[in-house]
Amino acid sequence: MYALPEGAPDWFVDNLRHPGESRTVDYAGSHVHFLAWNWERRELPVLLLLHGFSGHANWWSFLAPFFADRYRIAAVDLPGMGDSGRLEEYGENSYTEGVLAFLREEGLEAVTVVAHSFGGIQTLRAMYQAPAAFRHSIIVDSFVCLPPIPPPPVLNPRDHHRMYASREECMGRFRLVPPQGAADPVIQDFVAWHSCEQGPEGWHWKFDPRAKNMGEALDPADLARISARVDFIYGDKSIFHSDGRPGSLLEAVGNPGEAVIVPEAHHHLMIDHPLELVAQVNRLLAAG
């Protein structure tokens, strides 16, 4: 069980006193896992939280209670990541369809999404594929490539993880990708703790090593079809805040909101500027 370290921020400690409930839905012969807050309160609107590539729901779990006074909340593990099941094959639409399968299985429509990095790209794909499912999205520091910028290469999958003797050794190998110098060490260790699991041969990363970063190429014509409001949040020091990307994305989507730049923040805003991220998300939720 995760043990709070000395010196953890008060807000962090308070939020971890309200953990999400672990749940699953079926998907593609496997399952999609999510952490839920207020899930029984069907009178509340739904807030969906999505993580980046090779991440997990606990990238959001320490922030989710900030929104629990107003929303039913689900922090979802993308297929093959976190505690979601592995797939036989990973294709162009595997992750997007996993998100849509979760919405269908739970009978959800007109949801609001806050999605980081790779999760943001899957959100945009889902929004033009199933427009009735979404009311509003806030895309956080996603590497959305519009022509003439090519998508990043697909990472070479592996058939196994490197094994470690202990959780602590596994956590010691945790690295932010893309790398950045600024990070709250308490929050980073929390994310790292939840990134490792024990198998028959030792400790290893949770995500499926065969998972591929598929579905990252987006067509501007598809983005223009998005009818729900889309806002963007980028870190001022993020490597993805370049070439006027936030402004270009606003011009590309069918229902643009705002493009917000968080001063001094890097790509992993929930780790280096968590309270500033929450403040901006709350402001955009109110505006949307």
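Throughout, read-outs are computed from the coordinates displayed, never taken from laboratory work. What you see is a predicted model, and the numbers here were worked out from it, not measured in a lab. All Cβ positions, even for glycine, are placed from backbone atoms using ideal geometry, and neighbour counts span all protein chains on display.
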Inter-part gap, Cα centre of the stretch 1-42 to Cα centre of the stretch 207-222, in whole angstrom, is 26
Expected sort for Trp203, Trp59 with the fewest Cβ neighbours (10 Å cutoff) up front is Trp203, Trp59
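State, as an integer percentage, the relative contact order of the stretch 1-102 based on alpha-carbon contacts under 8 Å between residues 6 or more apart.
Relative contact order, the stretch 1-102: 30 percent.
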Two pseudo-spin positions, 7 Å from Cα along C-beta at Tyr2 and at Glu251, lie apart in nanometres by 4.1
Length-normalised contact order of the chain, Cα under 8 Å, at least 6 apart, in percent, tallies to 17
Computed, not fitted: 222 nm per-residue ellipticity of the chain from DSSP H runs ≥ 4 (each -39500 (n - 2.57)), nearest 500, equal to -7500 deg cm²/dmol
Going from the fewest other Cβ atoms within 10 Å to the most, one would list Thr112, Thr123 as Thr112, Thr123
For Asp14 and Asn156, extending 7 Å from Cα along the Cα-Cβ vector and measuring point to point gives, in nm, a value of 4.9
Note: Asp236 to Arg104 extended length (0.36 nm per residue) minus current alpha-carbon separation gives 43.9 nm
If the label point sits 7 Å along Cα→Cβ of Met163, residues of the stretch 176-201 with amide N under 13 Å come out as 198-201
For the stretch 191-197, in residue order, the Karplus 3J(HN,Hα) values (coefficients 6.51, -1.76, 1.60; θ = phi - 60°; whole Hz; Gly and Pro = x) are 5, 4, 4, 7, 8, 10, 9
For Asp26, placing the label point 7 angstrom along Cα-to-beta-carbon and taking the stretch 89-123, residues whose amide nitrogen sits under 18 Å are 97-108
Listed with the fewest Cβ neighbours within 10 Å leading, Arg225, Arg17 appear as Arg17, Arg225
Full extension between Ile261 and Ile149 adds, at 0.36 nm per residue less the Cα distance, a length in nm of 38.2 nm
